[in-house]
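Student: Pasting a structure here, questions to come.
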Amino acid sequence: ITPEMPADVAELIVQFYRGDEPDRTQAWNALLQRQQFDVLLRLVDVTSDSNPARAQQLAEQLAQRIDGVVGALLINGSLDEAERWLLRFHSRSELVMQHYVAFLLNTERLDRTVMRLIDSGSGTTNAADARLLAHLLRASGEWSKARDAAERSGDERLRNDMLFRLRDFAELSRRA
């Protein structure tokens, strides 16, 4: 809660923190309706500490709304703003990740983003960026590099998917 935050939004945050499950759901839905995405994202983070499954469910609900916002931005031709939203939420949801990769492919921004991740080193040190890099390299057809990034991501499902697509069944079997 910040000083410049509208009072009704602050009240909904308090309701989410202190309420029982129906109160939390009501507060969440009200914040979704008001498109308070920054607040909602922070609530997902807080929830992930105490209830990871619930946090994932909330993140997916948020992702669906973000898709609507991004869709409207794309229709209006606001590509840079759409990219900012996708970049901000891609690590929260597999759905948003897929949409972000599709966006980059269709706007010819994929190579630039891959280079940015590699040049910054974040694709080799940050798990979320390594995951994004793996998805981007896979989309560009660079499977062996995508596999390396998937290994660095720590995402077992993504690593196994890369091994499967590379037909490295011996390694898949070894890991199982």
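The values are calculated or read from the model by the stated rules, or taken from the named source; none is laboratory data. The model shown is predicted, which means the values in this text are computed figures rather than measured ones. Virtual Cβ from ideal backbone geometry, glycine too; neighbours counted across all protein chains shown. All accessible areas refer to the heavy atoms of the entire protein, side chains included, with ligands and DNA or RNA removed. Shrake-Rupley method; radii C 1.70, N 1.55, O 1.52, S 1.80 Å.
Student: Give the residues of region 98-137 that are buried (at least 16 other Cβ atoms within 10 Å of the Cβ) and in contact with a Gly (Cβ under 6 Å, 6 or more places away or on another chain), sorted by residue number.
Tutor: Of everything in region 98-137, those that are buried (at least 16 other Cβ atoms within 10 Å of the Cβ) and in contact with a Gly (Cβ under 6 Å, 6 or more places away or on another chain) turn out to be LEU117, ASP129, ALA130, LEU133.
Student: If the requirement is being over 14 Å from the mean Cα position of the chain (by Cα) and at pLDDT 90 or above, which of these qualifies: SER140, SER120?
Tutor: Matching residue, one of SER140, SER120: SER140.
Student: Residues of region 80-97 being open to solvent by less than 60 Å² (accessible area, probe 1.4 Å) and either part of a helix (DSSP H, G or I) or out of contact with any helix residue (DSSP H, G or I) (no Cβ under 9 Å at 6 or more places or on another chain) (or both), which ones?
Tutor: Within region 80-97, ALA82, GLU83, TRP85, LEU86, PHE89, GLU94, LEU95, VAL96, MET97 qualify.
Student: So in region 46-73, with the set limited to residues that are acidic (Asp, Glu) and under 16 Å from GLU94 (Cα atoms), which one is farthest from the chain's Cα centre (by Cα)?
Tutor: Applying the filter and picking the extreme gives ASP67.
Student: Given the condition open to solvent by less than 10 Å² (accessible area, probe 1.4 Å) and among the small types (Gly, Ala, Ser), answer yes or no: does some residue in region 20-29 qualify?
Tutor: Checked region 20-29: at least one residue is open to solvent by less than 10 Å² (accessible area, probe 1.4 Å) and among the small types (Gly, Ala, Ser).
Student: What's the total number of residues in region 144-176 that are hydrophobic (A, V, I, L, M, F, W, C) and open to solvent by 50 Å² or more (accessible area, probe 1.4 Å)?
Tutor: Here the count works out to 5.
Student: May I pose another question? Could you check region 10-27 and list, in sequence order, the residues that are of a type outside the set (D, E, K, R) and either outside any helix (DSSP H, G or I) or within 19 Å of ARG88 (Cβ to Cβ) (or both)?
Tutor: Within region 10-27, just GLY19 meets the criteria.
Student: Checking THR2 against (1) open to solvent by 50 Å² or more (accessible area, probe 1.4 Å); (2) of a type in the set (Ser, Thr, Tyr); (3) part of a helix (DSSP H, G or I), only one condition comes out false. Which one?
Tutor: If we test THR2 against (1) open to solvent by 50 Å² or more (accessible area, probe 1.4 Å); (2) of a type in the set (Ser, Thr, Tyr); (3) part of a helix (DSSP H, G or I), just (3) comes out false.
Student: Which of (1) among the β-branched types (Val, Ile, Thr); (2) closer than 30 Å to GLN33 by Cβ; (3) free of Cβ contacts under 8 Å to residues at least 24 places away in the same chain is the odd one out, the single condition ILE118 does not satisfy?
Tutor: Going through the list (1) among the β-branched types (Val, Ile, Thr); (2) closer than 30 Å to GLN33 by Cβ; (3) free of Cβ contacts under 8 Å to residues at least 24 places away in the same chain, ILE118 breaks only (2).
Student: Would you check if there is a residue in region 163-170 being at pLDDT below 90 and either among the β-branched types (Val, Ile, Thr) or over 17 Å from the mean Cα position of the chain (by Cα) (or both)? Spell out the reasoning first.
Tutor: To start, the set of residues in region 163-170 that are at pLDDT below 90 comprises none.
Within region 163-170 (the criterion being at pLDDT below 90 and either among the β-branched types (Val, Ile, Thr) or over 17 Å from the mean Cα position of the chain (by Cα) (or both)), the answer is no, since none of the residues qualifies.
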